[in-house]
Amino acid sequence: EASPLAAEPAALPVTGVTLAVSMVRPRALERLCADAHGRDAFWRETLHDRSLAAWLAPLRPTLLYVGSEFCERLLPEPAQLARTLTDAADAGLSVGLLTPVASPETLRALDPLCALLPPGAAVVVNDWGVARRLRERHPLLQPVAGRILCRMLKDPRLGNPQYAPPVNHGLDSPWLRRMLDRLGIARVEMDLPLFASADSFAAVPLPLGVHLPFAFVAKGRMCRTAGLAREGAERFAPRPFCHHECLAIAAHTERAREGAADAWETVHIGNTIFCRHAQASLAALAAAVACGQVARLIVPGE
């Protein structure tokens, strides 16, 4: 198994930070919310990394994210969300909703979902139109600026930090801050940068959530996985007939040219390419958590 956290950073305290777990199809909540030993086993099975599992195990999750930042077809149906709210409450978890870049159909689908959420529930927005709609129609919910709105260099082909510009998350921009204020956004999220350092998490004026151990590299509307069973032009349709194949099938990606291995492991899931963080970046995150620069960790639970 990989070991992305070096011995010294892994020993840093993981206190003063909350843990959110994201799932499209919530399951095994009782294991996720068990004691530290049970959580360690859960994270080992889910993330396939002993060191990272041991680092996360002391944290009992407080928030369950459902839905998707990358595909509108992975949003829950209202009945499914209602069941999740009940199951999460039994496990002592609050529920937040992940939302993608939105089409008009997605905006209409979000209204009944938002109506089910309790006041103060987090809704992660990755589309300014969704943020405005929440402000106008669901003002009691708490919009959170999602990682797709945070523009950073995320090219896993980069192998040396000297070829990459300094991390520039842009979250300290006064113009962006005005936009966030107008929309009632009081929290922001970002991916862990490829070449993370102590400065990567500085100058963020709002409570910050960081995703690990995967970062999204690029996304589109064409789903490679759903198109596997199609032929002709339909295989590349932006809205293919979907059976949620992406929840069970992933493709590890690599370049065919000899000697051109990417510095970060990459995986293609549905319409999105992700990369897995390297040891140095996760060690920098551990140090930032110990220094109180990060308010929330967001980890996939499936």
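The values are calculated or read from the model by the stated rules, or taken from the named source; none is laboratory data. Keep in mind that this is a model prediction, so the values were computed, not measured. With ideal geometry, Cβ positions are generated from the backbone for all residues, glycine too; neighbour counts draw on all protein chains shown. Protein only, heavy atoms only, side chains kept; ligands, DNA and RNA dropped before computing areas. Shrake-Rupley method; radii C 1.70, N 1.55, O 1.52, S 1.80 Å.
Brief remarks on what is shown
- The lone exception for Leu81 - which of (1) assigned to a loop (DSSP other than H, G, I, E, B); (2) open to solvent by less than 10 Å² (accessible area, probe 1.4 Å) it fails: (1)
- Annotation: Ala89 fulfils all but one of (1) assigned to a loop (DSSP other than H, G, I, E, B); (2) within 25 Å of Asp40 (Cα to Cα); (3) open to solvent by 40 Å² or more (accessible area, probe 1.4 Å); the unmet one is (1).
- Checked against (1) of a type in the set (Lys, Arg); (2) under 21 Å from the mean Cα position of the chain (by Cα); (3) at pLDDT 95 or above, Arg83 passes all but a single condition, namely (2).
- Residues within region 243-267 that are open to solvent by 40 Å² or more (accessible area, probe 1.4 Å), part of a loop (DSSP other than H, G, I, E, B) and at pLDDT 75 or above, tallied: 7
- Residue match in region 216-233 (condition: under 26 Å from Ala41 (Cα atoms) and either modelled with pLDDT of 85 or more or among the aromatic types (Phe, Trp, Tyr) (or both)): yes
- Test result for Leu113, touching a helix residue (DSSP H, G or I) at 6+ places or on another chain (Cβ under 9 Å), touching a residue at least 12 places away in the same chain (Cβ under 8 Å) and either small (Gly, Ala, Ser) or surrounded by 14 or more Cβ atoms within 10 Å (Cβ to Cβ) (or both): yes
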